[in-house]
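The values are calculated or read from the model by the stated rules, or taken from the named source; none is laboratory data. This structure is a prediction, so every number in the text was calculated from the model and none was measured. No Cβ is skipped: glycine too gets one built from the backbone with ideal geometry, and neighbour counts run over all protein chains shown.
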Amino acid sequence: MAPAKRLLIVHHTQSGNTGMLAEAVLRGAGRVDGVDTRLMRAFDAGTDDLLACDGLLLGTPENFGTMSGALKDFFDRTYYPCEGKLVGLPYAVFVSAGNDGTGAVREIGRIANGYGWKQVAEALIARKEITAGHLSAAEELGEAMASGLAMGIF
Ligand SMILES: Cc1cc2nc3c(=O)[nH]c(=O)nc-3n(C[C@H](O)[C@H](O)[C@H](O)COP(=O)(O)O)c2cc1C
């Protein structure tokens with residue numbers, strides 16, 4: 001049997017909203033057989049975790065028009081050790097924002113291009129308080145990502 005694909009969810013949350021999305025993404029991914037999904041806080045995740053994954057989901061609040069400092073710190077710590085080693089890694093993004101979220105998505109996209117990653121799903125932006133609709137969209141994102149990995153689509 002082929003080894004399970006590994007999906008890594010790296011996220012930061014300050015007041016819990018992105019955390020709720022991350023848990024929902026994890027639930028959705030858990031519906032798919034043959035994928036090991038790991039949910040980590042950005043401050044706890046590092047180069048080894050990144051190099052070991054087959055797919056990546058990144059979650060952050062939008063802070064001051066961009067990603068949280070914690071997610072930026074994750075990129076700052078892992079960029080050089082991973083440079084050139086993760087080209088084509090499938091990834092997607094989910095963002096919790098007060099009223100925008102596009103700045104965080106844009107800046108993550110620029111950084112992801114630097115790593116050579118491939119965006120495989122449209123970014124999920126949950127504005128204002130987290131709703132049931134946001135949670136179900138996050139579950140769908142996790143499930144779609146895990147399905148794509150399990151089926152070898154990406
Ligand atoms: C310091 C700070 C800066 C923020 N900047 C933005 C922003 O630029 N755009 C936006 O839409 N929301 C902004 N917000 C609102 C947060 O993105 C929003 O409350 C989000 O749901 C927080 O996610 P969390 O609960 O996962 O920490 C900001 C919040 C804080 C605390």
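Has region 20-41 got any residue that is under 19 Å from GLY148 (Cβ atoms), among the hydroxyl-bearing types (Ser, Thr, Tyr) and either more than 14 Å from the ligand (Cβ to nearest atom) or touching a strand residue (DSSP E or B) at 6+ places or on another chain (Cβ under 6 Å) (or both)? Yes, region 20-41 contains at least one residue that is under 19 Å from GLY148 (Cβ atoms), among the hydroxyl-bearing types (Ser, Thr, Tyr) and either more than 14 Å from the ligand (Cβ to nearest atom) or touching a strand residue (DSSP E or B) at 6+ places or on another chain (Cβ under 6 Å) (or both). Checked against (1) outside any loop (DSSP other than H, G, I, E, B); (2) surrounded by 20 or more Cβ atoms within 10 Å (Cβ to Cβ); (3) not aromatic (Phe, Trp, Tyr), VAL32 passes all but condition (1). Considering LYS72, LYS85, the condition of being among the basic types (Lys, Arg), more than 22 Å from HIS134 (Cβ to Cβ), away from the ligand (no atom under 11 Å from the Cβ) and exposed (fewer than 14 other Cβ atoms within 10 Å of the Cβ) is satisfied by LYS85 alone. Entry remark, region 90-133: residues being small (Gly, Ala, Ser), surrounded by 13 or more Cβ atoms within 10 Å (Cβ to Cβ) and farther than 19 Å from ALA24 by Cβ number 4 in total.
In region 124-135, the residues that are more than 10 Å from ASN17 (Cα to Cα) and modelled with pLDDT of 95 or more reach residues that are among the aromatic types (Phe, Trp, Tyr) and within 13 Å of the ligand (Cβ to nearest atom) with C-beta atoms within less than 6 angstrom, at least six apart or across chains, in these pairs: LEU124/PHE94.
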